[in-house]
1. So for the pair LYS333, LYS319, with labels modelled 7 Å out along Cα→Cβ, what separation do we get in nm?
2. State which stretch of the chain is the longest one without any exposed GluC sites (Glu not before Pro), exposure meaning a DSSP loop state and at most 11 other Cβ atoms within 10 Å.
3. List the relative contact order of the chain as a percent without decimals, with contacts defined as Cα pairs under 8 Å and 6+ residues apart.
4. Scan the range 1-95 for chymotrypsin sites (Phe, Trp or Tyr not before Pro) in coil per DSSP, keeping those whose Cβ has at most 15 other Cβ atoms within 10 Å, and list them by number.
5. When the accessible area of the range 317-416 is computed with all protein chains present and a 1.4 Å probe, what percentage of it is carbon and sulfur?
6. Kindly express, to the nearest 10 degrees and within the range 0 to 90, the angle between helix 317-327's C-alpha long axis and the longest C-alpha principal axis of the chain.
7. Write down the accessible area per residue of the chain in Å², having rolled a 1.4 Å probe over the full set of protein chains.
8. Just one of (1) 4, 14, 17, 13, 14, 14, 10, 5, 4, 4, 2, 0; (2) 4, 20, 32, 29, 13, 2, 0; (3) 4, 19, 27, 22, 14, 9, 4, 1 is P(r) over Cα pairs in 10 Å bins from 0, in percent as worked out from the coordinates here. Which one is it?
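The values are calculated or read from the model by the stated rules, or taken from the named source; none is laboratory data. Treat the numbers as computed from the prediction; the structure is a model and nothing was measured. When we count neighbours, we look across all protein chains shown, and the Cβ atoms used for this are built from the backbone with ideal geometry, even at glycine. Side chains are part of the model used for accessible areas, which takes the heavy atoms of the whole protein and leaves out ligands, DNA and RNA. Shrake-Rupley method; radii C 1.70, N 1.55, O 1.52, S 1.80 Å.
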Amino acid sequence: MADKSELLRVPAFADLPDDQIAWFLSQTQELHLKAGETYARQGAPADAMFVLLEGLLQGRGEMGGETFIFNLEPGAITGILPFSRMKEFTVSGRAESDSRALRFPAARFPELIQKMPELTKRLVGLMADRIRETTRMEQQRDRLAGLGKLSAGLAHELNNPASAATRAASQLRGTLQRIRDASQELGRRNLASEQKEEIARIENSVAASNDPPPDALTISDLEERLDSLLRSHGQDDLWQLASDLAHKNVQPEVLEHVFAILDQPTARAALVRIAAWIEILNLLHELESATTRISDLVRAIKEYTYMDQAPIQNVDVVKGLETTLTILNHKLKRGVVVKRDYPQAPCLVNSFGSELNQVWTNIIDNAIDAMGGQGELRVRVHCDDNRVVVEIADNGPGIPPEVLPHIFEPFFTTKGVGQGTGLGLDTVQRIVKKHSGNIQVRSKAGDTCFQIWLPLAEKTAYRLPEQATITKKS
């Protein structure tokens, strides 16, 4: 049978009057639990508070489809607490070892509040700690889920140029072998210096050409003409060469000139080398484009996370928005047209830069999802007195009137499990308020707009410039 000294060793009951301890003990049921025995089941009515005196208890529950486990040692209090609105147990509890606990019925809470006000105060504090921990776990889970989705998108974005670079490098190896073989063949010919100079001139002329690539119909027609010319000179197996030359817009007159100054075997080697040189230039361009894209993405990631930078600094809002759009390009490029309206002068905000990027990410990601990946996204920035105003709007179906009042509530979502970035609008609102800002939303069918007001950094001289509107399909 539990006595007063045991209960007084529980931190929440320390220093309470003897008469209150005696009353509490008179209202409890002492439980003797064997290892593996269950004392509470998830989903069952939340009808009791438990005080662990001896042994070890374990709780197990689910949050967002994931299982979590926690252990309780002597002195811990679990179950429902006074003023809690919990109707059902959210976790299942069982004894990990032989244990002893007190079970206090929730029906006696009104009397407990009246007879033990100090204990009630402590239990309310315990409930607040429990809520904070649950919120922290939920936010951490959501951030990890959001990070996973963003990482998957970035991996896809990085994989495309990386694959292109790998493919170009592989093709470059074969092309270099062809140009080597053709050069050796030409080296075995007794070419006059004028012939060598003419071959070099043609190669340089083709390489230096900046003419825009012809359309597909023109390429097809030119390829057919070049192939016919090659066949007329006995070159029946150079159809790929005809295709390569056509894509570079090499005209039949160039080939006629080569055949005019060289015999057929020498002309063939010269044309193979010219075509290989063209292909090398194209492959180098592909490699440059792919590696530039990878470099741009890496830079965007560093800017997005503010890697290697001070956590608090004057942040250019426009730069942060552009970095976020780069990070989300894997979703934008499927059919979202981005319209930008930015001031020419920078709008600086003293802030935790990475946190503001989380705000832009969540709102833009929600807008893309609302439009089903296709539509118009409008991003506008302007300065009003000592504030910067950011407007992010979309032409999706709008937020239903019955949903609109609840979008900033904690844990509120209309998305299924695993969808979205995992960062709720309640967290967005918290970040904005942390920066002494404000966020509002208006919505109707075809026009949903989030407006964020943030204070401009001190000593930021701002003049009203002409607005520059840029429309781009991403």
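1. 2.5 nm
2. Values: sites that count: GLU402, GLU458, GLU466.
Longest stretch, sites excluded: 1-401.
3. Details: 720 pairs, mean separation 58.9, N = 474.
RCO, the chain: 12 percent.
4. Numbers: sites: PHE13, TRP23, PHE24, TYR39, PHE50, PHE68, PHE70, PHE83, PHE89; in loops: PHE83, PHE89.
Answer in residue order: PHE83.
5. On the way: 2040 of 3990 Å².
About 51 percent, which is the carbon plus sulfur part of the accessible surface.
6. 80 degrees
7. Details: 25150 Å² over 474 residues.
On a per-residue basis, the chain sits at 53 Å².
8. So the structure-derived entry is (1).
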